[in-house]
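Student: Starting off with a structure, shown below.
The values are calculated or read from the model by the stated rules, or taken from the named source; none is laboratory data. Fair warning: this is a prediction, and the values are worked out from it, not measured in the lab. So basically every Cβ, Gly included, is an ideal-geometry build from the backbone, and we count neighbours across all protein chains shown. The area values use the complete protein model at the heavy-atom level, side chains included, leaving out ligands, DNA and RNA. Shrake-Rupley method; radii C 1.70, N 1.55, O 1.52, S 1.80 Å.
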Amino acid sequence: MVEENVRDYATEKLKEVQVLRQYWWEEVIKWVDTVFPPEIFNHWVQVGTPFLVALLVLLILMFCCKCCGRGGGGRSGRTMRAPGRNHRMPRNEFERNPGSYFRSLRARNR
C-alpha cells in the first residue's frame, strides 16, 4: 500500500515537471521571437551561415593538424631511432638533453 502511494506521488510530480518544462520552453521561444523577430533572424542566418561553416572547417583542420602532427607523429610527437639502441624514442626527449641521454646509455652498458 505504501509503495502504491509513493509511486502515485512520484508519477504526479513527474507530470507536473513535464508541464512546467513544456511551459518554460514555450516562454523561451516567445522571448526569442520578440528579441529576434523571424524576418531579422532569417536574414542573419543567411548572412552568417557561410562564416559559421568556414569557422567549423577551420576548427576541424586545426584539430586534425594537432592530432596528426607533421609526419604522423600524433600526440606523442616525432620519434627517432634511439642512438646505440634498437628501438624508437621521442625526439624531443633526446633533443632536450643529449648529454644526459648518452651518460645514462654508457652507465647501462657498463
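Student: Along Cα→Cβ, 7 Å out, is where each label goes; now give me the distance between the ones at residue 105 and residue 7 in nm to one decimal.
Tutor: 7.4 nm
Student: What whole-number value in Å² describes the accessible area per residue of the chain for a 1.4 Å probe?
Tutor: Numbers: 10150 Å² over 110 residues.
In whole numbers, the chain has 92 Å² accessible per residue.
Student: Angle, helix 98-109 long axis vs. longest principal axis of the chain, Cα atoms, 0 to 90°, nearest 10?
Tutor: 70 degrees
Student: Give me the net charge for the shell around residue 11: Cβ to Cβ below 13 angstrom, other residues only, Lys and Arg +1, Asp and Glu -1. Don't jump to the answer; show the numbers that get you there.
Tutor: Values: positive: 7, 13, 15; negative: 3, 4, 8, 12, 16.
Every neighbour counted, the sum reads -2.
Student: Kindly report, to the nearest 10 Å², the accessible surface of residue 34 as traced by a 1.4 Å probe over protein heavy atoms only.
Tutor: For residue 34, solvent-accessible area is about 100 Å².
Student: Summarise the accessible area of the chain (1.4 Å probe, protein heavy atoms) by the percent that is carbon and sulfur.
Tutor: On the way: 6430 of 10150 Å².
Of all accessible area on the chain, carbon and sulfur atoms account for 63 percent.
Student: If the cut-off is a Cα-Cα distance under 19 Å, which aspartates and glutamates reach residue 30, setting aside same-chain residues fewer than 8 apart in sequence?
Tutor: Straight-distance partners of residue 30: 39.
Student: Can you give me the distance in nm between label points at residue 52 and residue 87, each placed 7 Å from the Cα along the Cα-to-Cβ direction?
Tutor: 5.0 nm
Student: For the chain, just the Cα set please: Rg and Dmax, both in angstrom.
Tutor: That works out to 30.8, 81 Å for Rg and Dmax.
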